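S.K.: First, the structure itself, so that you have it in front of you.
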Amino acid sequence: MSRPVAIAPSILSSDFARLADEAQRMKECGADWLHVDVMDGHFVPNLTIGAPVVKSLRAVTDLFLDCHLMISEPARYVPDFLAAGADGITFHVESEGDPREIAAAIKAGGARVGIALKPGTPVEAALELLEVVDMVLIMTVEPGFGGQSYMAEMAPKLEALREAIGEREIDVQVDGGLNPETVKHA
Ligand code: ZN
């Protein structure tokens, strides 16, 4: 079975002093989306970027801006990311707040809704939210740092998710440790 695959390189791997050039370079390389890893130093130990950087990116690229919020209070920051021009906003089921309310706020703002699961979170946490999301992100590394190895043991989770989705138009995103080899497995 074949289905369309989209590639969403993370801007975490960019030279942040040259973000506009990096976005253009990824577009020329065939990227479908730009993945924006947002970390708050609380939900995960690392600290990265916020909505102002998304706003700057929005001004220089027409690529889909796929914002992955690894933050404790997504509800508090969703309006900022919507205003900054995010095309998709993904938040973690492990974060604070009512996921249905957060999903509704994202959708009302005109962006696509994603939910994300850390490696240790059972897939059931996503299955009960399928009717309110456009995408489910399965982490194949522990969130928080770049450069970790792909966790192939997440395969049963991906399989269960794909089966539960069935014919519905819901994307499955795999995030972490992807390279030309591991992407085949994913
Ligand atoms: Zn991510």
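Nothing in this text is a laboratory measurement; each read-out follows from the coordinates by a stated rule. Nothing here was measured: the structure is a model prediction, and the numbers come from that model. Neighbour counts are summed over all protein chains in view; Cβ atoms, including those assigned to glycine, are modelled from backbone coordinates with ideal geometry.
S.K.: Report the one residue of S95, V141, G109 whose Cα lies farthest in the direction of the positive end of the charge dipole of the range 83-154 (charges on C-beta: Lys and Arg +1, Asp and Glu -1; origin at the Cα centre).
M.R.: G109
S.K.: Around G110, with a cut-off of 13 angstrom between Cβ atoms, what is the net charge of the other residues, counting Lys and Arg +1 and Asp and Glu -1?
M.R.: On the way: positive: K107, R112; negative: D87, D134.
Taking every Cβ under 13 Å from that of G110, the sum is 0.
S.K.: Using helices alone, I'd like the mean residue ellipticity at 222 nm for the chain: each DSSP H run of four-plus residues gives -39500 (n - 2.57), total over residue count, nearest 500.
M.R.: On the way: 7 runs with 60 residues, N = 186.
So the helix-based figure for the chain works out to -9000 deg cm²/dmol.
S.K.: Compute the whole-percent fraction of alpha carbon pairs in the range 32-186 spaced more than 26 Å apart.
M.R.: Numbers: 2435 of 11935 pairs.
Taking all Cα-Cα pairs of the range 32-186, the fraction more than 26 Å apart is 20 percent.
S.K.: Shifting gears a bit: Picking from V132, T182, L161, whose Cα lies most toward the positive end of the charge dipole for the chain (charges on Cβ: Lys, Arg +1; Asp, Glu -1)?
M.R.: Positive-most Cα among the choices belongs to T182.
S.K.: Give the Rg (one decimal place) followed by the Dmax (whole number) of the range 70-118, computed from C-alpha coordinates and expressed in Å.
M.R.: Radius of gyration, then largest Cα-Cα span, for the range 70-118: 9.5, 27 Å.
S.K.: Also: Which number do you get for Rg(Cα) / (2.2 N^0.38 Å) in the range 1-122? Please list the in-between numbers first.
M.R.: Working: Rg = 14.2 Å, N = 122, 2.2 N^0.38 = 13.7 Å.
Relative to the rule-of-thumb radius for its length, the range 1-122 sits at 1.04.
S.K.: Just tell me the longest site-free run in the chain, where the sites are GluC sites (Glu not before Pro) in a DSSP loop having at most 12 other beta-carbon atoms within 10 Å. Please list the in-between numbers first.
M.R.: Numbers: sites that count: E128, E167, E169, E181.
Answer from the scan: 1-127.
S.K.: May I pose another question? Counting other Cβ atoms within 10 Å, keep those with at most 13, restrict to DSSP loop, and tell me which chymotrypsin sites (Phe, Trp or Tyr not before Pro) in the range 61-148 are left. Write out the running numbers ahead of the final one.
M.R.: Values: sites: F64, Y77, F81, F91, F145; in loops: F145.
Within the range 61-148, the qualifying chymotrypsin sites (Phe, Trp or Tyr not before Pro) (loop, at most 13 other Cβ atoms within 10 Å) are F145.
S.K.: To continue, here is another question. Of the residues V123, V60, V141, which exhibits the maximal mean-square fluctuation in a Gaussian network model of the chain defined by a 10 Å Cα contact cut-off?
M.R.: Of V123, V60, V141, the Gaussian network model singles out V60 as fluctuating most.
S.K.: When the expected Rg is taken as 2.2 N^0.38 Å, what fraction or multiple of it is the alpha-carbon Rg of the range 86-176?
M.R.: Details: Rg = 12.7 Å, N = 91, 2.2 N^0.38 = 12.2 Å.
Rounded to two decimals, the normalised Rg is 1.04.
S.K.: Another one. Over the chain, with a Gaussian network built from C-alpha contacts below 10 Å, which listed residue (A75, A152, A84) shows the highest mean-square fluctuation?
M.R.: A152
S.K.: Okay, moving on. Under 19 Å from a point 7 Å along the Cα-to-Cβ line of D21: which residues of the range 48-69 have their amide N that close?
M.R.: The answer is 56-62.
S.K.: Turning to a different aspect of this structure: Once you list every other residue whose beta carbon is under 13 Å from the beta carbon of M26, what net charge do they have if Lys and Arg are +1 and Asp and Glu are -1? Please report the intermediate quantities before stating the final value.
M.R.: Details: positive: R18, R25, K27; negative: D15, D21, E22, E28, D32, D62, D66.
Taking every other residue near M26 into account, the sum is -4.
S.K.: Moving on. Would you pull out the residues with amide H under 5 Å of T140's amide H, same chain only if 5 or more places away, H placed 1.01 Å from N?
M.R.: HN-HN under 5 Å from T140: D175, G176.
S.K.: Let me ask something else about it. So which lysines pass the test for K107, namely a Cα distance under 27 Å, with those fewer than 8 places away in the same chain ruled out?
M.R.: K27, K55, K118, K157
S.K.: In addition: Among T48, H35, A84, whose Cα lies farthest out toward the positive end of the dipole of the range 14-100, if unit charges sit on the beta carbon of Lys, Arg (+1) and Asp, Glu (-1)?
M.R.: A84
S.K.: With charges only on Cβ, +1 for K and R and -1 for D and E, what is the dipole size of the range 1-140 about its Cα centre, in debye, rounded to 20?
M.R.: Numbers: 11 positive and 20 negative charges, 57 e Å.
That gives a dipole near 280 debye.
S.K.: Taking the Cα atoms of the range 15-56, what is the range of coordinates along each of the three principal axes, in descending order and whole Å?
M.R.: 35, 18, 17
S.K.: Something else about it: Calculate how many DSSP beta bridges within the chain are antiparallel, expressed in % of all such bridges and rounded to the nearest 5. Can you show the working numbers first?
M.R.: On the way: 1 of 27 bridges.
Looking only at bridges with both residues in the chain, the antiparallel portion is about 5 percent.
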